[in-house]
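> I'd like to ask some things about the structure below.
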Amino acid sequence: MNKKKLLWQLPFLALLVVGTIFIVAHQRSMPYQHNEGLIFGTVYHITYQSDRDLQKEIEAELQKVDNSLSTFNRQSVISLINSGRKTETDEMFNEVFALAEEVSKDTEGAFDITVAPLVNLWGFGFKTGQQPSPAKVDSIRRFVGYQKVSLRGNTVVKTDPRIMLDCSAIAKGYGSDVVARLLRRNDVKNFMVEIGGEIVTSGNSEKRLPWKIGVNKPVDDTTATSQEIQTVLNVTNRAMATSGNYRNFYYKGGRKYAHTIDPATGYPVQHTLLSATVLAKNCATADAYATAFMVMGLDRAKELLQQHPELKAYFIYAGQKGEMKTWQNVN
């Protein structure tokens, strides 16, 4: 009986082996597509293994994100909200707003999508060399704060009509997630999506190796041409986002600080964290926490990471003598 059963099973086993070999051979021969273009005021690069060029579908998804979250698009949902016109939010806006609110609460306001007016105020001051007056900072702080805006159904409610929303610190990461979802829906297993440095990967690279991504060294470079790599991280099947003022520093007391504004005070942060790279399951989350950590500084960021084992981070900061130092919990 056992011999007869084995004889019946052999054809099926042979078919399984042949099928597996065929699938593996097809997988190896399938080309990698390379798409790139402009979106959200930055450049995107997408590499993926597929028989089809999906750039039109990719750009259609990215345009949906732009139509929802771009402050440069005057007809986007967020622009209409900022202009005071009544408008219904869409699914993408709602998803990002909910995540932003969650991260804001978790970081005690270090991440805040209402902080743009303060960033703009100080950005102008840094360029002219004239700091804004305390009175001006205080006047803007009155309409900055994530607690002052909420979402009821598909309507944004503000406690002050002057409140402005800016999702630039999370939208690129979200855009990378949206493209990754599209690729997965099209049964793409191996890909790397990068929008303005915010990255999602899956499977293997074109070299049949796990995806490895470089983290730039935060060096003084006003020409924005330096691409010196600090380290290389394994980012396979994860998302990665980096926040840092690589080419925008100011000096105080002989020490280097990044141009990062604390929403709680309205003033530049007084710590030495220069770059925060975060790895997470999705890029929008990584993007938001990377921004928050730049506000919080090294010590507070490390404390928060203890509560989030699902998050990994690589920090670059200035030591006591101005030397560049690093801290990480990346596996």
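The values are calculated or read from the model by the stated rules, or taken from the named source; none is laboratory data. Only a predicted model underlies this, so the values are computations on that prediction, with no experimental measurement involved. Cβ: placed from backbone, ideal geometry, glycine included. Neighbour counts: every protein chain shown.
> What do you reckon, is E91 over 17 Å from the mean Cα position of the chain (by Cα) and either more than 16 Å from S150 (Cβ to Cβ) or in contact (Cβ under 8 Å) with a residue 12 or more places away in the chain (or both)?
In short, yes.
> In the range 41-67, what count of residues is obtained for those that are hydrophobic (A, V, I, L, M, F, W, C), surrounded by fewer than 19 Cβ atoms within 10 Å (Cβ to Cβ) and under 16 Å from D177 (Cβ atoms)?
Within the range 41-67, residues that are hydrophobic (A, V, I, L, M, F, W, C), surrounded by fewer than 19 Cβ atoms within 10 Å (Cβ to Cβ) and under 16 Å from D177 (Cβ atoms) number 1.
> Looking only at the range 82-108, which residues are at pLDDT 95 or above, farther than 16 Å from F293 by Cβ and of a type in the set (D, E, K, R)?
E88, D90, E91, E95, E101
> Out of L298, L273, which single residue is without any contact (Cβ under 8 Å) to a residue 60 or more places away in the chain, crowded, with 22+ Cβ neighbours inside 10 Å and under 26 Å from L118 (Cα atoms)?
From the options L298, L273, the qualifying one is L273.
Conditions tested, residue by residue: (1) assigned to a strand (DSSP E or B); (2) within 18 Å of W122 (Cα to Cα).
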| site | (1), (2) |
| --- | --- |
| H271 | no, yes |
| A276 | yes, no |
| T285 | no, no |
| A288 | no, no |
| M294 | no, yes |
| A301 | no, no |
| Q307 | no, no |
| F315 | yes, no |
| K325 | yes, no |
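> Considering the range 68-86 alone, what residues qualify as being under 15 Å from N154 (Cβ atoms) and surrounded by fewer than 18 Cβ atoms within 10 Å (Cβ to Cβ)?
Answer for the range 68-86, where residues must be under 15 Å from N154 (Cβ atoms) and surrounded by fewer than 18 Cβ atoms within 10 Å (Cβ to Cβ): L80, R85, K86.
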